1. Enumerate the pairs (first residue in the range 1-25 and free of Cβ contacts under 8 Å to residues at least 40 places away in the same chain; second residue anywhere and assigned to a loop (DSSP other than H, G, I, E, B) and surrounded by 14 or more Cβ atoms within 10 Å (Cβ to Cβ)) with beta-carbon separation below 6 Å, excluding pairs fewer than 6 apart on the same chain, so at least 6 apart or on different chains.
2. Go through (1) crowded, with 18+ Cβ neighbours inside 10 Å; (2) outside any helix (DSSP H, G or I); (3) under 13 Å from the mean Cα position of the chain (by Cα) and name the single condition residue 21 misses.
3. Mind checking which residues of the range 44-93 are at positive phi and exposed (fewer than 12 other Cβ atoms within 10 Å of the Cβ)?
4. For the condition touching a residue at least 12 places away in the same chain (Cβ under 8 Å), farther than 20 Å from residue 91 by Cβ and more than 10 Å from the chain's Cα centre (by Cα), what is the one hit in 56, 42, 50?
């Protein structure tokens with residue numbers, strides 16, 4: 001009997017601001033800019049692009065473009081998305 005497997009998607013388990021913060025913190029600490037962008041895409045998908053667009057005032061299409069593999073989100077976009085997700089950027093020494 002064959003074992004059925006499913007592709008794991010982190011977006012399915014990022015359900016709380018604490019989950020999102022821990023996931024993002026790991027990428028900020030060790031990830032490349034490309035990996036961070038993919039992590040942001042995953043986080044945005046976990047919340048739902050339509051809901052995120054409504055909460056940020058940024059169109060769904062613009063969010064998909066900003067967080068695509070070739071995207072380059074502005075600081076304004078990042079801050080609006082993070083606020084909508086209930087997380088914030090912080091600097092620590």
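Values quoted throughout were computed directly from the atomic coordinates according to the rules given, and no laboratory measurement underlies them. Here the structure is a predicted model, which is why all the values come from computation and not from measurement. Every residue, glycine as well, gets a Cβ built from its backbone with ideal geometry; the counts of neighbours run over all protein chains shown.
1. Sorted first by the residue in the range 1-25, then by its partner, the pairs are 23/14.
2. (2)
3. Let us first name the residues in the range 44-93 that are at positive phi, namely 48, 57, 86.
The answer is 57, and nothing else.
4. Selected residue: 56, the only one of 56, 42, 50 that is touching a residue at least 12 places away in the same chain (Cβ under 8 Å), farther than 20 Å from residue 91 by Cβ and more than 10 Å from the chain's Cα centre (by Cα).
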